[in-house]
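Visitor: Have a look at this one before I ask anything.
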Amino acid sequence: SASIAQVHFAVLKGNSKYPEWEDKHVAIKVLRPNILEVIESDLALMHSLAGLIEKFSYDGKRLKPKEVVSGFDTTIHDELDLLREAANCSQLRRNFEGSNKIMIPEVYWDLCHINVMVMERMYGISIARLDDLKAAGVDLKLLAVDGVEVFFTQAFAHGFFHADMHPGNIMVSLDPQTFGRLISLDFGIVGTLSELDKNYLVQNFLAFFN
């Protein structure tokens, strides 16, 4: 369960069109009922408050709260479109096809809608549960290296990255065939980088490291 959606687990039944669906374990993400109306009401209040702060406060002018709220407005509306999230998920999965460092769930497109996303169910331990990961024999130093490599690959090789990588969205697989691999979830917020952006970041990183 999260702020704007709930996730329920299910098992698919195959049919004549998709016999391969039989017994597939999936996660179904569903927007909360009437969530758009709630968000629109909250955003209207935030826009009004941002305008007042910017008008009457010196710090408000400097911090540009109206721009901050506008950015949040765009992001939260993007998150309400689960077809957009499904597309983000599919793109990341294509980008990391064949990777031995990260796993991205498969999307069942024929079962998706603007307020419903159906994807492969992923099994693992949250990256926040360090004691459990250690007890399971996961190499945390290697996991950290893999995490940095995965992010830099997204940013600099693909120019398309998961922009909401908090511990609730990252798990680690304990399956013997994929042991120690990162599992990425929740693709409502992504970022893109142009070649100019990437060059700027690279120069800053090199200056920092040097």
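The values are calculated or read from the model by the stated rules, or taken from the named source; none is laboratory data. Keep in mind the model is a prediction, meaning the values are calculated, not measured. In this analysis, Cβ positions are derived from the backbone assuming ideal geometry, glycine residues included, and neighbour counts consider all displayed protein chains. Heads up: the accessible areas ignore ligands, DNA and RNA and are worked out on the full protein's heavy atoms, side chains in. Shrake-Rupley method; radii C 1.70, N 1.55, O 1.52, S 1.80 Å.
Visitor: List pairs: first residue in segment 163-188 and modelled with pLDDT under 95, second residue among the aliphatic types (A, V, I, L, M) and surrounded by 19 or more Cβ atoms within 10 Å (Cβ to Cβ) anywhere in the structure, Cβ distance under 6 angstrom, at least six positions apart or on different chains.
Guide: So the pair list comes out as Ala163/Val190; Pro167/Ile127; Asn169/Leu185.
Visitor: Next question. For a quick check of your reading of the model, give me the residue pairs whose first member lies in segment 5-21 and is assigned to a helix (DSSP H, G or I), whose second is loosely packed, with under 12 Cβ neighbours inside 10 Å, with beta-carbon atoms closer than 8 Å and at least 6 apart or on different chains.
Guide: Trp21/Lys13; Trp21/Asn15
Visitor: Check Pro33 against each of (1) touching a residue at least 40 places away in the same chain (Cβ under 8 Å); (2) in a loop (DSSP other than H, G, I, E, B) and name the one condition it does not meet.
Guide: Pro33 satisfies all of (1) touching a residue at least 40 places away in the same chain (Cβ under 8 Å); (2) in a loop (DSSP other than H, G, I, E, B) except (1).
Visitor: Can you find even one residue in segment 37-51 that is of a type in the set (Val, Ile, Thr) and in a helix (DSSP H, G or I)?
Guide: We begin by selecting, within segment 37-51, every residue of a type in the set (Val, Ile, Thr); these are 38-39.
Keeping just the survivors that are in a helix (DSSP H, G or I) gives 38-39.
Yes, segment 37-51 contains a residue that is of a type in the set (Val, Ile, Thr) and in a helix (DSSP H, G or I).
Visitor: Let me ask something else about it. Pick out, from segment 76-165, the helices (runs of 4 or more DSSP H) lying fully within it that include 1 or more residues that are more than 16 Å from the chain's Cα centre (by Cα) and farther than 30 Å from Tyr18 by Cα. Write out each step before concluding.
Guide: On the way: elements: 82-95, 130-135, 140-152.
Ranges flagged: 130-135, 140-152.
Visitor: Pairs only if they're at least six apart or on different chains, beta carbon under 7 angstrom, first in segment 130-154 and under 30 Å from Val202 (Cα atoms), second open to solvent by less than 50 Å² (accessible area, probe 1.4 Å) and part of a helix (DSSP H, G or I); list them, first residue then second.
Guide: Leu140/Leu133
Visitor: Something else: Can you find even one residue in segment 40-60 that is open to solvent by 60 Å² or more (accessible area, probe 1.4 Å), within 14 Å of Ile4 (Cβ to Cβ) and aromatic (Phe, Trp, Tyr)?
Guide: no
Visitor: Could you list, in sequence order, the residues of segment 71-126 that are open to solvent by 70 Å² or more (accessible area, probe 1.4 Å), among the polar types (S, T, N, Q) and closer than 19 Å to Val190 by Cα?
Guide: Thr74
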